[in-house]
Structures are given as C-alpha cells and as structure tokens.
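Only one structure is covered here, and it is reproduced in the block below.
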Amino acid sequence: MSETKNEAALEALARNDRYEWGFSSAVDQEFAPKGLNEDIVRFISAKKGEPEWMLEWRLEAYKRWLEMEMPHWAKLKLPEIDYQDAYYYAAPKAKPKIESLDEIDPEIRKTYEKLGIPIEEQKVLAGVSGAREVAVDAVFDSVSVATTFREKLQEVGVIFLSISEAIKTYPELVKRYLGRVVPVRDNYFSALNSAVFSDGTFVYIPEGVRCPMELSTYFRINAANTGQFERTLIVADKGAYVSYLEGCTAPQRDENQLHAAVVEIFVHEEAEVRYSTVQNWYPGDENGKGGIYNFVTKRALCDGARSKVSWTQVETGSAITWKYPSCILKGEESVGEFYSVALTNNYQQADTGTKMIHIGKNSRSTIISKGISAGHSDNTYRGLVKVGGAAENVRNFTRCDSLLIGDKCGAHTVPYIEVRNPSAKVEHEATTSKISDDELFYARQRGLNEDEAVALIVNGFARDVLQKLPMEFAIEAQKLLGISLEGAVG
Amino acid sequence: MSKMLEIRNLRAEVDNKQILKGLNLEIGAGEIHAIMGPNGAGKSTLSYVLSGKPGYTVTDGSARFMGKDLLAMEPHERAAAGLFLGFQYPVEIAGVSNLHFLRAAANAQRKTRGEEELSAGEFIKIASKEAKALGINPEMLKRPVNVGFSGGEKKRNEMMQMAVLQPKLAILDETDSGLDIDALRIVSESINRVMRRPDRSVLLITHYQRLLDHVKPDFVHVLVKGQIVRSGGAELALELEREGYGELVA
Amino acid sequence: MTTVEDSHKTKAALTLPSPHDEEWHWSRLNALEILAGEEHGQFPSPNPSSFWSGLTNPKLLFVDGVYQPEASHPGPVKIGNVSAKSQNPLGQMTNGERGWTLEIEEDCTQPIEILYLGSGGAYHLPSSVRLAKNVSATLVETYAGRGWGNRFSYFDLGENAQLQRLSRLSCESGFTSLIEEGRLGENAHLLTDWIGNKGADSRIDQRFDLTASGAELMSGGAFLAREKQRHDIMIITRHVAEGCRSRQKLRALADDESTVSLAVRTEVAASAQKSDGEQSLKGLLLSRNATVNMKPELEIYADDVKCAHGAAVGELDPQALFYLESRGIDPEEAKDLLIQSFVMEAFISTPDSLLYSTWLHDTEHWAGEKE
C-alpha cells in the first residue's frame, strides 16, 4: 500500500520540481489502522511498550481532546480536518535496534543524505577531521530512527534519547517534567499530541554542564496520510547550557498532512537553552494544493533566577502554520528572546508569533519578527507581552517588520500588550514596506537577476534574525528564503 | 571591430512624457566622452535608458553595445555584458553588507559570462585593495550598502564597485556632485586607473568642468531637450564653463 | 450611588455583548443593565455654566437626553429625528430616539458647544453632522453629571470638508459610551480628540471606512483613569480608496486600580494603494495596581503603503524628573509637567483654538485635582 502511495508521490515529483525536498522514500512502512479512538491510543502505547502511567496519561489527554474545540481565533482560513482520515502511527518496518547511522535502512539513510543537514555529522562518522560535531536524533514519520553521539554525550551526563526510550529508561525524570510547561489541556492540539505522540526527543543537561555539541532533531514526514505528532522535552538543570536545532521536511503530496508537535523546555536557575528551527515542511503547490498543516505548541518555562531561553525560527514551509513559541519568565532576571522570519508565498498562511509572560522581577524579553508575504499568501504576527503585577522592572522590546511582495498578499500585525506594573518598560515598533523598485534596479544593474536581487534584499531584511542562527542553519535558511521566493516578482 | 556604444535616433519617454528626442551618439573603445547640459535636458534619462531601468520606455531608435542589441537585454544582462552605471543617487539597501552585495554581483556577472566564481577569501582581498585605493575605511565594507553613508562616501562606494566589477563601459551620472576637492581627486584617479584603457570606455555625465580637469575627455557633447546639439573636444567644456549654455538652449 | 464596578449581579433585558463575546473589549457592558434601570435624579446637579466657554456662539443643553430650549442657542443645529442608523450593539439603542442634526452648506465660523448633563439613569441620543463640499465646522461636546450616556454620532463630510471636534468625558460617575461612524468624501478631513478626565467609565467605538480618495481621519485621545475606573477604546479604520491618511494617537494614564485599554486596527484593502497609516499608543502607569492594555493592529493587503505603529508602556522617566527637579521644580510639579507633555502629544486638532484651550484646561484640571 505504501508503495503505490510512493509511486504517486514520485509522479507528483516529476511534475513539479520546485520543492527541493519533495522526494519520498521507498521505505517499507508499518501503519496503525486509520482513524483515532481509544484503541488507537492503546495501540500506540503498546507498540512503544510504555508503562501503565504513560498509557493513563495518554487516555486522559484523549478524553480532554474530545471535549475541546479547534481554535479559530487565528487569522487562518482553516479547512475542516477529518481526524478519522489519517494514520496516527507509521513506522519504518525494518526497525531493529540501531546503534549508529550505518545500521539504518539504506533508503532512510539516503533520505537524510538528500536532506543535507546531517552531512556534517556524517563527516564526523567518516573520520573527517575538523568537522563540527552535531548530535542528531532523526525522527522519520513517527519514530526516532537514530540518535548519534550518545556515548560521547553520556560522558558528561547529557541524556539525548528518543522520548519513547526515555520513558522506559528514565521514567522518573520524564514523569517529573512531562506536561509541566505545556499542560495536556493547554489547547486543542497539545491535547491531541499528548494522546497520540509516537516519538520525539528527550534532552536532559545536568547541573553545571555545558553541552559539548549542538543537539539536533531532524523531522521528516514520509508516509502519506500520516499525522506526525512528535514530543520534545528539554530540561536544563542549574547552570546548564544547550543549543538545540530542529529541522523539518516532508515529501510533496497532493493531500494535506497534519503535524501537531509539542515542545516543552524547562529551564532551571542560571541555565540557558537556545532553540533554533528551520521549518520547511512542504508548503503545497503554486495553486495551494497539498501541504502540511503545522499546528505546533512550543513553550519554555524560565523557572529559575537568571535562566534564559532564546527561540529562533525560520518558517518557510507548511500550507498553514499556527505556532507561538513562548516564554514564561518566572525566575528573577530571567530572559526570553524570540527571533522569527516567516515567509509565505503562493497560498500559504502563517499565523505565528510569541508570548512573553513576565512574572519574575527584572525579567527581560526581546522580540524581533520579520514577516515576508508574496503571492496570494497571508502572513500574521500575533504576539502577547504580559507583565504581571509583581513583576518589577520588566523590560520588553518588540520590533515587527513586514515586507510585501506583490499586491495579492496580506501582512498583518496583531500585538497584544497587557501591563500591570508601573515600573515596566514595554516598547513596540512596527513597519510595513515593500521591496522598492529602486533597490531592485540597483541590484540588477550590478548584475543580479530578478530572483537573485529579491533573495538578496529579503535576506537583508531578515538579517537581524538570521544572524542569531548557528552557522550551518543560517546558510541553509538564506538559501531557503531565496528558493521559496523564486518567481515571486514579475 | 564594432563600436563600444552606438546610439541611433534614440527616443524614450517616462510617464508618457517624451524626454529623449532622437539622440545619436557613438563611443569607441578606449574613449572618454562627457555629456553636459542644463537641468532637465535628459542626461540621467539617457543613463537609465541605457541601463534598462523599468519605467523608461524606448519608443524609437536603437542602442548597440559591443555589437549587441542593448535594449533587448535585461538590466542584469547588461551589467554582465560590461555596462556599469554609477548612480547619481546610490540606493540604500538595509541589512545587506557592502561586501556581500558586491561579491554577489561580481559572481553573478562571472556566472553569466561562464567564468569561475570568486571565493570569499579572494574576493575580500580584491575589495580591500580597491577600498584602500579609494581611501575607504575597510570597516565600511561590512556596513549595509550605502546606509548612513555621506554623499561623498556613497560616490566613493560607487567607484569601488566599479573597480571591483571591472566593466567595459562606465556611465557615471554626476559622480562628481557632493565631493570635496580631495575626494574629487581620489575619485578621478580611480576612473583613470580603472577605465583609461584601450578596451574600455567612459561616459561622464556632469554639470561642471572641474571633474574634466582630472578626467580628460576625448569628446564633449551638449545635450539639450533630448538631443545632442553640439559635439567637440575637451575645449568645448571650457567654452561652456565660460559662456554657459545660453545660445545652445535657445 | 451605584457604581459600574459592583453592579454586575443582575442580568436584565439588554442584549449587550459581554467581554467574553467580544474580541478585545474590556468594559463590562452587562453592568450597564443597572444604570439603565435607574430613575433619573434631580436636576441640576452640576452647574451648566461651569462647562461653557465665554464665547457668544451656538450652545445646546441636553439634560438626561432631553433638549432644553430655554437654556440653549441652537444656531444652525436642529432638534428632532435623526435618519442615520447604527449597526453597533450600543449604537442601535439610539436608533429612533430624538437627537440633533447639523446640516450646513457654508462654513460655520464659530465653534458649536453641546453639553449633556446626566442626573442618573440612562439616555440614548443620536446625532448627525452633514457638511457640504468645502465647508468647515468645529464642535465641542461635553458629558457631565452621572448615569449612563449613550451617544451615536454619524458624520457625512463632503468633498474637501473639514470637521474638528473635541469630546470631553467629564462625568463624575456612571458610564459614557460613544459610537462614531460615517463617511468621508474626497480629501475630507475629520479630526477628533477625546479627553477623559473624570470618574465615569467609558467606551468608545469609532469605525470608519475610507472610501473616497485623499480622505483623512485623525483621532487623538488622552484618558486619565483613577480608582477602579475603566476606559475602553476601540478604533477600526479601513482604507478602501487610494491615498487616504489615518492617524491614531492615544495616551493612557492609569492610576490606583484603574484600567485603560486601547485597541486600534488599521485595515488596508488591496485597492488602497498609497495609504498612509500611523498608530501611536502610549501608556503611563502611575500605581502598582493599574493596568494598561494595548493592541495596535495592522491588516494590510496593498503593497505600496506606509503603515507604522508604535506602542510603549512605562512610567515617568526618572532622568527627566531629576532634570526638572535639579532646575528647582518641586517633584509634584515636575510630575505634572511631564504628564502634561505626555498627554499633549495626543492633541491633533489646530492649536490656538477653543478646542485647544479646553483640552489644556481639562488636563490641568485633572492634574490639579489629584493633589
């Protein structure tokens, strides 16, 4: 069955080559029956060999989800989603225990090679000296297929595992933090995710440890009609530091696919977590057909004093993006940052932004958002800055800029500011502009073609954010911005 | 061998207004030409039409650049073919560093011409050398293109781009305006050094003789109401400086 | 005296939306049920003359929504039915009620002053202003006394017409709701200033579609809130035609346990190229328990537009306070001075007018009363 699907996808690929990551791999898949009910939840839990408490947790989440309604406040034209018409579990069939990348199904391996991202790390495996070390957890459809560098990380006490392994190996640790930052009933999609998540990543950085390498998860939806619901839990203990990268791609398919992930970050005293995302799920074709529905809940709790979280995201993919990586700044002098580039083209819709909830004294936050709209797309920044009554001397600075390319698209800015403490200083600035003809001509006179000129100017527009990304990601992000806009002018 | 630039009976309009009204001009390889003329004569329009700025419509005539139909080419193709426009008002591009912009331009042109792209290292070497020659602080290479530059800095920056891109034909639109005497000397030296060669040509658009003291033109043309009304040698510029455009405009 | 704060116990016949139904509204309209059910009180409570200017100009007095001919010089203003109707839930309540109309073909050189006194209970009063081509007029409206004053104002400005107006929210208690709608002709200018300097809660809903090119809508407001007062302002401006301008300059000062909410949305349709929109929202919190909420929203579908917004919430700049004090100004006066300059930014009509002197008087009055 998956094979015919794959053939169809390959045909689609032959028709359209614009989405560079739109290949699908001929991997033998194992599916749970289509649809969603209590039995499916039990099936997933059983497949993963989970302990009883985890199953209970899932069932409770499923019950909550049934009582909830899909939110409609975002500026998105949401289609009816038939939750019974999707597979909630798909795993590559040939899945023994994998210790290194070499042991992975060669088809999956090929997929990752095509994705390009883990190249650095393959170099390390191949013994290329001087290559930078990045530990990778690769999630293929619903299942984590490879976590690399585990031993090296274990030497310093860093736990970097797929979450299903973590539930079995470190149940107490997972139990202590799972759902602490994003409660099951937080929202419709977090409840759904809590019920059916099939894998994801768990990271624990012990007290005082600076993670010796960047950690990375690569998400890939391969099987057709499959929802992907991964769960990421990161805990940085006192004084710890980690930089975490997340990349996403999906094959090109005519039907829509659902992605509803939850990322929770718990940050203790004086710890710091940097979380970078380059989201390049398949955005649909130029007529708005197909593409991923991306409903993601990401939240960090800066629990301890002087803790810090920095979200950086480059969002170029997905047909629909609904995503607000947020910071609860509970610790005194805690710091939250949000840097975002969201680009929409053709019929894409993005409603994204952040929430900075200031509870702790002297907490600070910075929000820089760059929205780029082209084609017939709609791009919305939605953000909340909230200062509680007890939060003395809070500082927030927000800057949101929108760039419009063409006159069929929309750019929207919806900032919410709620301040209950007089010592707070909250500033918000925003501008909307278009690429000026003079800028375009100037760049073209110097020899750049129209697409190159647009890419150059857009990268300039997004620079403040791009430079917050780790090097490899920044380069990929720059390329992505250019590719996503090809043909947008003219 | 064909001429560097051959313009025949060129007519062009902007916003439905006829600006160039049958302009003829030939520039040979190795020649430096100056175009002078009162405000509104069509000098900048000529530079924009030749470089292909959108909004400038050619209604009649032809322009050939090294034998090729210039008017049929896209702006970036003209640049790759070797046409450089020194802008009267260089454009500011926020967030894009000078160095990055210039390297992107140089490599795009090399790619179009089927040449090997320059590595970042090679490129920085070239750009730094040219910056130094123009008295540009290397720090300026890292700043966004023209953002926050003074008028003089912008013009020097244009000259640095020219030096790096090594064009065949440079059209310099009032490159001398906004320059003090020292800067004028530096800019002039750079024009002479980069462009005064048997296989390169320059078209200077200027109001003043003072640039022509430093960059000696082989030919001077007077543009009035969209046509060249008089041509001569370097002495013509001196005459105009003395006597003004009076009779020519009438 | 019943305050809005403790009156949300009863549910009655009014079908008004609650904050739960409405996006980003913070006033509790269900509390109005009580005010609506109250009897009118004794008149006069405040003395009308303390609100009038010394000018000899058209002056109209309404008490609890009823026109008082013997105390008025209506000039060109007519009393009677108003044809304009509102769709707004609050505005609808004035449909069919008696109100006033101003329809003029020539400039009205003198400002027109209208005073609404409330003695308790509620009144619903519509009005309509129609200015012919090239005509200009000035309007000062003052709300004083108690109770719930519910006003719907309709504006129809002809080509190149100009209306400058000031609305003073000066009720001691109760609630004042202002619903403002209308249409602006080509190059017409509507300049509106609001000032809230007394004790009543307020709600302002201004909604305009700019459908003729070159129209200009400027709205400024300063809202000074104390105790448990709430001011709730929502302005929606939709640019439809080319080359229109809109400005919203709102300043919120919140003391004690008060809340000021400013929501401004500027929409630019794909047809509205060359739109020029600017939102400037600023809040000053003067006490630990005060709240300022802001939502400066842009919704843009045209690419050749100039739209910007700025929003800032904070406290008085200690550096500036110190600088003034170091020059010999006592701290209270320094604070007043800074508040004054903060509030002045929101005044957008012509300086050197009755509007300006009234505005100045009201802001000083607020500062003075505080001591």
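Inter-chain Cβ neighbour count for A:448-459, averaged per residue, equals 5 (cutoff 10 Å, partner chain atoms only). Between B:GLN166 and B:ASN9, the C-beta separation translates, for a Förster distance of 35 Å, into a calculated FRET efficiency of about 0.65. Comparing B:SER150, B:SER51, B:SER119 in a Gaussian network model of chain B where C-alpha atoms under 10 Å apart are linked, the largest mean-square fluctuation is found at B:SER119. Annotation note: GluC sites (Glu not before Pro) in the range C:77-139 located in DSSP loop regions with a Cβ neighbour count of at most 12 within 10 Å are C:GLU105, C:GLU106.
The C:GLN340 and C:GLU278 beta-carbon pair, evaluated with R₀ = 25 Å, returns a calculated FRET efficiency of approximately 0.65.
Taking every DSSP beta bridge that has both ends in the range C:29-315, the antiparallel portion is near 5%. Label point of B:ARG113 set 7 angstrom out along Cα-Cβ; within the range B:195-217, amide nitrogens under 18 Å from it belong to B:195-203. Rounded to 0.05, the FRET efficiency of the A:PHE43 and A:GLU486 pair, given R0 = 56 Å and the Cβ-Cβ distance, is 0.85.
Anisotropy class assigned to the protein assembly as shown is oblate, per the alpha carbon gyration tensor with a/c at or over the 1.5 cut-off and a/b no larger than b/c. Using a Gaussian network model of chain C in which every pair of alpha carbons under 10 angstrom is joined by a spring, one finds that among C:PRO89, C:PRO318, C:PRO48 the greatest mean-square fluctuation is at C:PRO318. Once both labels are positioned 7 Å from their Cα atoms along Cα-to-Cβ, the gap between A:LEU66 and B:TYR89 label points is 6.8 nm. Per-residue 3J(HN,Hα) values for the range A:346-358, derived from phi via the Karplus relation 6.51 cos²θ - 1.76 cosθ + 1.60 with θ = phi - 60°, read 6, 10, 5, 10, 10, 10, 9, x, 8, 10, 10, 9, 8 Hz in sequence order (x marks Gly and Pro).
In the protein assembly as shown, a dipole from Cβ-located charges (positive for Lys and Arg, negative for Asp and Glu) runs towards its positive end, and of B:SER119, A:SER276, A:ALA236 it is B:SER119 whose Cα lies farthest in that direction. Each residue was assigned an accessible area with a 1.4 Å probe, and for A:TRP73 the value is about 130 Å². Between C:GLU106 and C:LEU360, the modelled labels are 3.2 nm apart [label points 7 Å from Cα along Cα→Cβ].
Can you bin chain C into rounded, prolate or oblate? Criterion: square roots of the alpha carbon gyration tensor eigenvalues sorted a ≥ b ≥ c, rounded for a/c under 1.5, prolate for a/b above b/c, oblate for the rest.
Note, shape of chain C comes out rounded.
Please give the residues of the range A:274-301, grouped as numeric ranges, whose backbone N is less than 11 Å from a label point set 7 Å along the Cα-to-Cβ vector of A:ILE81. Correct set: A:292-297.
Taking loop as defined by DSSP and a crowding limit of 15 other beta carbons within 10 Å, which trypsin sites (Lys or Arg not before Pro) in the range C:263-350 fit? Let's see the in-between values first.
Working: sites: C:ARG265, C:LYS274, C:LYS282, C:ARG288, C:LYS306, C:ARG327, C:LYS335; in loops: C:LYS274, C:ARG288, C:ARG327.
Passing sites in the range C:263-350 are C:ARG288, C:ARG327.
Our coupling estimate for the range C:265-280, obtained by passing each phi through the Karplus curve with A = 6.51, B = -1.76, C = 1.60 and θ = phi - 60°, is 10, 10, 10, 10, 6, 4, 7, 9, 5, 6, 6, 10, x, 9, 10, 9 Hz, Gly and Pro reported as x. Dipole magnitude for chain B: computed about the Cα centre from +1 point charges on Lys and Arg Cβ and -1 point charges on Asp and Glu Cβ, it is near 440 debye. Largest accessible area first, the listed residues B:ASP213, B:ASP69 line up as B:ASP213, B:ASP69 when surface is computed with a 1.4 Å probe on the assembled protein chains.
Considering only C:GLY174, C:GLY75, C:GLY91, the Gaussian network model of chain C with Cα springs below 10 Å gives its largest mean-square fluctuation to C:GLY75. Taking every DSSP bridge with both residues inside chain B, close to 60 percent are antiparallel. Centre-to-centre separation between the Cα atoms of the range B:208-228 and those of the range C:132-177: 64 Å.
The heavy atoms of A:ASP437 present about 110 square angstrom of accessible area, all protein chains included, probe 1.4 Å. Taking every DSSP bridge with both residues inside the range B:133-239, close to 50 percent are antiparallel.
The mean number of partner chain beta-carbon atoms within 10 angstrom of a residue's beta-carbon across peptide B:86-98 is 5. Inter-label distance, C:GLN87 to A:LYS175: 5.8 nm, where each label sits 7 Å from its Cα along the C-beta direction.
The values are calculated or read from the model by the stated rules, or taken from the named source; none is laboratory data. Here the structure is a predicted model, which is why all the values come from computation and not from measurement. So basically every Cβ, Gly included, is an ideal-geometry build from the backbone, and we count neighbours across all protein chains shown. Side chains are part of the model used for accessible areas, which takes the heavy atoms of the whole protein and leaves out ligands, DNA and RNA. Shrake-Rupley method; radii C 1.70, N 1.55, O 1.52, S 1.80 Å.
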